[in-house]
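The values are calculated or read from the model by the stated rules, or taken from the named source; none is laboratory data. Since the model is a prediction, treat every value here as computed from it, not as a measurement. Don't worry about glycine lacking a Cβ; one is built from the backbone with ideal geometry, like all the others, and counts go over all protein chains shown. Remember, those area values only see protein heavy atoms, side chains included, never the ligands or the DNA or RNA. Shrake-Rupley method; radii C 1.70, N 1.55, O 1.52, S 1.80 Å.
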Amino acid sequence: MRVLLLSCVFLLVTGCSRKGADANLAAEVKTKLAERDAKLTSYRITGTVKDEGMDAVTFTFDYRAPQRMRGSLGPPASRTFAWDGTHLFQQVDGEKSFSSFKSELPPAKLAGFLNQTFSPFSPEGFRVPLLLRSATARRATHPRAPEAVELVQTLEGEAAGVEMVYVLRWPKLDFLARRTRSPDGTVAEERVEEEHCDEALGLCVPKRLTRWLGGRQVGETVLGRVELNVPLPNDTFTLTAPEGYAVQSRTLVESAPEAPPTGG
């Protein structure tokens, strides 16, 4: 849903204190991530998410640059979220409720809010990794890529002390894996098992991903349909209330005590 904050890519090389070779690599990664993101102007995916101890959930997600998004969850949740550039829409079929939210959030707050809302619909590999100012780059290898690059960062805030590593194929920067290590040593990982590749665009995106915790598989996301750079008209992202639904209009402000529930 992982698309939304391209500006974060440009933080990659800011303030890097690594030696020259790493700084040069980080600069190349920054440039190539921006180029890759510019190629993928829209996409439509459908899939199924299965996590340990939970029923499988189907979902669809449409994205069109810049920042047009629509995500839907199938039963039992059966709800849809959409952002058309000015309004967030939330439709909950089980409750027959429809809400429209006009944003008065500052740009940075809005970007974070949209990422939180829609990232559950967009797997890693479709959106640009969100990187901290302190992130560094290093060469690596991977079973799916003889040449790869790892982007390494230590998280802040509530997740302080957690190390996160993105593994990307070099030089196309296709997503291959993401690992996190908690201060207590627990390792979680998301791995690409199958890919959808587009020769014309010169890139690959995940088609099947698995999630692991402490070396044990705990979840899986399988995409049944992947369409890249598909035409998506404006009305795809502007929802209207179905007949018989209760309608509410609200405003997103910084002091709001609650935000709409996300798709996760």
- Note on the structure: For residue 162, other-chain or 5+-apart residues with amide H closer than 5 Å (H placed, Pro excluded) are 155
- Counting only protein heavy atoms, what percent of the accessible surface of the range 42-198 is carbon or sulfur at a 1.4 Å probe? 49
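Mind ranking 92-99, 106-113, 189-196 by how tightly packed they are, going by the mean number of other C-beta atoms within 10 angstrom, highest first?
Details: 92-99: 15.5, 106-113: 14.0, 189-196: 18.0.
Highest-to-lowest ranking by the protection proxy: 189-196, 92-99, 106-113.
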- Task: Please report the Cα spread of the chain along all three principal axes, rounded to whole Å, starting with the longest.
- Result: 61, 43, 36
- Message: Once R0 is set to 22 Å, what does the formula 1/(1 + (r/R0)^6) return for the Cβ-Cβ distance between residue 58 and residue 116, expressed as a FRET efficiency to the nearest 0.05?
- Response: 0.55
- Message: Need one value: the accessible area of residue 250 in square angstrom, 1.4 angstrom probe, rounded to the nearest 10.
- Response: 110
- Item | Across 39/207; 32/207; 50/109; 102/172; 30/109, pairs whose alpha-carbon gap is larger than 26 Å | 50/109; 102/172
- Query: What is the packing order of peptides 59-69, 116-126, taking the mean over residues of other C-beta atoms within 10 Å and listing the highest first?
  - Reply: 116-126, 59-69
- From the backbone phi of the range 125-130, what are the Karplus-calculated ³J(HN,Hα) couplings (6.51 cos²θ - 1.76 cosθ + 1.60, θ = phi - 60°) in whole Hz, Gly and Pro given as x? x, 9, 9, 6, x, 8
- Query: Which whole-number value in Å² is the accessible area per residue of the chain, probe 1.4 Å?
  - Reply: 50
- Message: Heavy atoms of the protein only, probe of 1.4 Å, neighbouring chains included. What is the accessible area of residue 154 in Å², nearest 10?
- Response: 70
- At what distance in nm do the modelled label points of residue 245 and residue 102 sit from each other, each positioned 7 Å from its Cα along Cα→Cβ? 2.0
- Highest average packing first - 203-211, 133-141, Cβ atoms within 10 Å: 203-211, 133-141
- Query: Which shape class, rounded, prolate or oblate, goes with the range 110-264 when its Cα gyration tensor gives a ≥ b ≥ c as root eigenvalues, a/c under 1.5 marks rounded, and past that a/b bigger than b/c marks prolate?
  - Reply: oblate
- Paramagnetic label zone (point 7 Å from Cα along Cα-to-C-beta, residue 172; backbone N under 15 Å) in the range 190-218: 192-208
